Every structure is written in C-alpha cells, then in structure tokens.
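Each reported figure results from applying straightforward, stated rules to the coordinates on display, with no laboratory input. Here the structure is a predicted model, which means the values were calculated and not measured. Quick reminder, even Gly has a Cβ in these numbers, built from the backbone with ideal geometry, and neighbours come from all protein chains shown.
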Amino acid sequence: MNIIEIRELKKEYPLGNTIVPALRGVDLEVEEGEFMSIIGPSGSGKTTLLNVIGCIDFATAGSVTVGGREITTLSDTQVTDLRLNKIGFIFQNFNLIPVLDVFENIEFPLLLMKKSGAEARKRAEKLVEEVGLKEFAAHRPAELSGGQRQRVAIARALVTNPEIVLADEPTANLDSVTGAAILELMRRMNELEKTTFVFSTHDANVLKYARRIVKIKDGLIEKEPAAA
Amino acid sequence: MKLLLTIAWRNILRHKGKSLVIGVILFTGAFLMTVGNGVISGMAAGIEKNIINGFMGDIALISDAQKSDNILLNMMGSSIEPITTYRKIKEILLAQPYVRRFLPVGKNLAMLLDESTVTPGYAYLLGADFSEYRKMFPDNFTVIEGSYPAPGERALLVPAFARDEFYDFYNIWFLPEGGGVVKENLKKEALADINSLVVSTSVVMMGMTSGINTTSDIRFPVRGIVRYGALNQIFGHFCLVDIESYRECLGYFTAADMSVQVPKEEKKLLGMEGPDLDSLFGGDAMIVRDYKAAPKLRAAPAAAKTAEDGVYNAVFIKLVDGVSYKEALAKLNRAMAGGGTEVRAVPWNKASGPMGGMALIIKSALFIFVTLLFCVAVIIIVNTLTMSAIERSSEIGMMRAVGARKTFIAGMFLGETAILSAVFGGLGIAAGILAVKIIPLLEITTKNDMLQLLYGGNFFNPLLSFSGIALTAFQLLVVTVIAALYPMRVAVGITPLDAISRE
Ligand SMILES: Nc1ncnc2c1ncn2[C@@H]1O[C@H](COP(=O)(O)OP(=O)(O)OP(=O)(O)O)[C@@H](O)[C@H]1O
Ligand SMILES: [Mg+2]
C-alpha cells in the first residue's frame, strides 16, 4: 500500500515580480515501510518536497495523499492533527523547545496527544535510551552538542510511533561518525517498527543506508536507479 | 494544561527582562487600582459616616409638598415645606422594626440681623429638641466654648465656622453667654483686631420661609460654640436651636400657642405658597424682639400640647444596622402614604444634595485615571508580547510542525500573561492593601472640606472591601485578556514554515 502518493505536484514561490518554480510536476509513490532517500543538487527542490509531504507547506497544483488523506482538502486543525499523529519530522536545524529539557522535548508530542502521564513517560524513557541520551535527559537543548540535539529531534519524531518520518538532511550538520550512528538508529527503527522513512541528503555516505534512492533535479524526479 | 503552564512559566524565567517590564506595569496598575478603590470606598464610607452618623441619619421624611428632595444643602432662599403631621408619623415610625431612631427637626434659612449693618448674613437653622438631638447624634460635634444646652432650654449653638463667617459680615465676635474670648479660637483677622473686638452673646435672626407671612426676628442667646468632627465648611453653616425658638423664628405655630395645626389647605387658601422671596420682607421684618417677648400668635391651649404637636420640616431616621436601604425606603413610603401623613421618605444622598454629586465626580475622575492607566499598560504589554512572539517564531513554528494546535500556542501566550498578571498583579494588589492599611495609621489630616470628603473622616482613611479587591482582580483579568489577544493572534499566525525558513 502506498502511504504517500504524489501526482503532478507543482510548487511555485513568488519572488518579487517573478515566480520561482521549485517543483514542476512531481509524481512519486512511497510504500509503507520504505527507507528512502531523496538526492539532488542544491536548489533542486528536496526541502520543498519534504515540506509538502509533511503538510508544512502546501502545493500550488497537483495532489498529495498522505496516509490515505488528500491534504489539500484538510482544515488547519486536521492538518495539525495529521502532523501530530502520522508524521514525525526531523529538521535540518534540529529545532527543539529551548525551555524544555531533553526528556520533556521528547515527551512533548505525546503530551499534545493527551497520552496519559505514565504511558508518555514510559515511551519517552525508551526513546531517550535508544538515542543514547539517558545521562542527558535533564539537560536543556542549549547544553547539548549538535549531534546530541539531532538525536533528541529524532527521538521526538519517533516517540509517537508515526507512520512516516520525514528528515531533511538529518546528518548535514554532524560529523561522519555521529551521522552514521544516527542513520543506524533510523534504520533500526525502520526495521523494528516498520516506520516509513523519507530523507534527503547530498552526502554519498548517507546513500549507502538508503534502500531506495529518488533523484530530483530542477524540480523534477529523475529516473530511479536500482535500489541499493 | 500542566504542559502549557510549565512552558509559559519557563518562558517567563527565560525572558526575564521582558517579563519584568510587563510585571512592573501590572504591579503598578494593580497597586494604583487597589489604592484608588480604597480611596473611593473610604470616601463613600466617609461621606456616609459623616452624613448619616453625624448629620441626618439614613433617611429623611419630608413633606409631600416639598418639590426638591434636597432639603439640607439646597440653594439659599428656597424654603422647606412644613410637616404638620408629626404625631401620626411618630406612631408609624415606632411600629417599624427597621427604624432604630428618629428625630423631628425644623430646618430653614435664617437671616442674621444687625441694626447697624445693611448687608444680611445667612445661616441655616436646625431646630430640634437638644436632648433628643444628642441621642440621635451623640458625637458629631464638640462644644469648644460654653456648654451644651440643658433639656428644654431656649438656646442657640453656633458652629465655629459660622461664627467666623458672622465676624466677616458684622465684625462681631459671638461668644457663649458668660464666656470670654478664647484666643486660640479667634479668627486671624479678629485676633489682629483684638483690642477693639466687638463681642456679643446673642444673635438676632429672622427666619426665611415663603410659606407663612409671620416670620419673626428672634434674639437667640448663644449657649455654646461647636465644632463638627468633619466637614465643618458644610455642616458649619447649621446653627442648632431649640425647636420652639426655631418655630417662633420661622413664624410657625409653636406647640405652646397652637390650638390648631396648620392644615395645608388653609395655607393654600391664604395664597401664601410659592417661593416668593419678597413676601418675606413684611413691614415688621426688621423689628427685633427678644424670644421672651415674642408675641403669641394664638391663644395658648389649655392642655396636652407638647413640642411634638408643632410644625417640623423633616424627620431624620437612622436605620437598624444591616437593613436594606431600598427596602426600608419603600416600606417607609408605603407606611407614610397609608397613614395619611403627607410626607415621603428620601435617602440621605438625595436629601444632602450636592455632596452625593461631588462623590460621583471624584469617582468618575478616578475611573478615567485608572482607565487611562490601563490603556497605557495594555499598549506596552501588547507591544512587548508581540515582539516576543515574533522573536520566538522558529520555536513556535516548530511546535506547530510537531503537532501543536493553534489553541495550544494561544494558550501558551495567555498562560504567560496570566502568570505574570497573577504574580505581579497579585503583588500589586497586596501592596495596595498594605498601603491602604498603613495610610490611616499615618493620621494625615486636612482642613480642606473637599479633601475631608475624600478622607472620610478626620484623617485620610481609605477603606478596602472584599468587593473592591475583587473588582481590581477582575479589572486585571480583563486587562490581561485584552493585552494577550493581539500577541496571541500574531503567535497563532506563525506557521511551521516560518520555523524552517529561519536558518
Ligand atoms: N520560501 C521561498 N521563497 C522563494 N523561493 C524559494 C523558497 N524556498 C525555496 N525556494 C526556491 O525553491 C527552489 C527549491 O528549494 P529547496 O529548498 O527545496 O532546495 P533543496 O533541494 O532543498 O536545496 P538544498 O540542498 O540547498 O537544501 C530553490 O530554487 C529555492 O531558491
Ligand atoms: Mg534543502
């Protein structure tokens, strides 16, 4: 079953008097449980595509179906709930809530879901352990290294057991060792929980982990190479 | 909820500078509000205390024929209609359980006469039985010279304030009979003129009323000089006189010489109603008579006529504590109408005329001040919070991306403002309460009557009721919500995209 279905997706940004076409007719299908990478040169539209899939940005034309729901027809609250319940997002610049500590940041989506306190704590504890930040649970984001922050972001994206995790260059700001560890973690999650992963990168090392690679150039998907 | 408050609280701590700015504004606002409310309540209580306890009681009964309710501080010259049914009124009042005490009085304007001067001076005369008056108002004034008249004695008590005024008119310094000049009590000008000071122990007054044509000039012996506990510049216009002298002076039938009360109809027949000031100055108006020589208008009745059968102008009523004002007024009016007394009940704030209005003006001024204060506060808070919303847009956008609804973001902002206003506003209210409690201990006094009205007594005495504090808290709540509204809108408008595009 396709968890993501994109047809004729166009995205244009107005820039002054001109219009910048970021995506120019993208067709893409992603199956449940895939571990997929989107690659392409800078400015090709990777971030834009992930944002549209993640219901953070909206298409100018075309259709985007996530988890069986056509997102262009949804209200703001419905879109928000879709993000909360189905999607985990790992940002390139690992945004965390500065006033909450590691544990609280990870627990945050669960509390938004109104999960019971004990249940939320148990699940968050598990994730803190899995990303190897147990000793740092009480630290605030400002007291963490870049890699540690990215791990918190990953744990937060995974804590709700989302169907899809979208990650925009999750290792771009990390050294290769930390990057590899993060990818290992994502891989394990994918195998363990059957979570669908879609991530962008232009790092060749990262590509080794991908089971499917989609190339994007000038806002269009290129022919797919064979799966790694 | 807990999550919201946690985040809100930590954000407050994180942005200490901003929080402090908002906090100081809220603190100041709440403090001034509380003190302001205290002053207003103190003032209201003070006016009530001064007027009710020391001047006229809670309610006055006045004649149905009386046009204006304001019988005490009315314009000079308009006379107060007589009440001739006191016997009936008394019976009815005695049967009302909510009436604690009552006192029939005569009240009208009198002109001071002096053979050597042409310009007349005026004073209000308050005619009452001295011992009854003392029971009704036991401590509203102190006798600073002379003594309190004995029961039944014919005498006049002159307020120190009125004496000063009389001096301005006539250059005569009035003294109680048998008393000497007390230097401390002398008016400044009089003190300067002490060697040639003209003194007198009696005052000649002519009652001024439009109802009856036979007002008389009466020479009153001054028994004492009094000073009211408060509002001397207002109450000090009232000379207290025994009721029989009062009636003679006003040309009312005294109890002693009255065989028939003056029914209203008869007066109408005589065509003497209406505020015709010219009619006051009859041919014999300037002839001075001693009260002892005052002519009897009618033959003295043989029996059983007491002072109570004579004419009054009002009946002052004090209510039992805790009795509802409106209810008492309604009940009294019903009872009086039913008893054929031809009087109606009016509350103190109407009977004392402009003083209630003055209180209203001060209240309005304070209200406007507080409103302005809060407008400024709202503007500053809105500005600060909006800035902070914009500064935090990547954080807020990220929360939205992770799945926080708009209501969550709105709640976070409201929570922040609510905590700030609870903490700082609460402190402000507490400080205000403290100030209100401390101020009376400083015993700040004033000679200014307007201020005395504000002070609500001899010294500045603001009061705080629970409802006053609740009002402040409510106003604070309104300010908080209004101030948070716009920043909330801005924050809610931040999209997840804003978080991402901020790199
Ligand atoms: N908010 C925006 N306003 C205008 N143009 C934009 C905006 N966001 C992206 N673009 C344009 O859309 C195109 C695609 O941008 P996008 O960020 O998706 O590229 P990318 O593949 O993620 O690049 P990179 O590898 O550098 O992150 C670019 O030409 C970019 O300039
Ligand atoms: Mg990008």
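Regarding chain A, what are the three Cα extents along the principal axes, ordered largest first, in Å?
On the principal axes, chain A reaches 48, 40, 39 Å in Cα extent.
So for A:D168, A:D27, fewest C-beta neighbours within 10 Å to most, what's the order?
Ordered by Cβ neighbours within 10 Å, fewest first: A:D27, A:D168.
Please compute the Kirkwood hydrodynamic radius over segment A:32-115, one decimal place, Å, based on all pairs of different Cα atoms.
14.8
Over the Cα atoms of segment A:105-228, what radius of gyration and what Dmax do you get, in Å?
15.6, 48
Using the Cα centre of the protein assembly as shown as the reference point, and only Cβ charges (+1 on K/R, -1 on D/E), how large is the resulting charge dipole? Debye, rounded to the nearest 20.
It comes to approximately 1300 debye.
Semi-axes of the protein assembly as shown's equivalent ellipsoid from the Cα gyration tensor, sqrt of 5 times each eigenvalue, largest first, rounded to whole Å?
Over the Cα atoms of the protein assembly as shown, the ellipsoid semi-axes are 92, 25, 21 Å.
Quick one: order B:S196, B:S465 by neighbouring beta-carbon count within 10 Å, fewest to most.
With the fewest neighbours first, B:S196, B:S465 line up as B:S196, B:S465.
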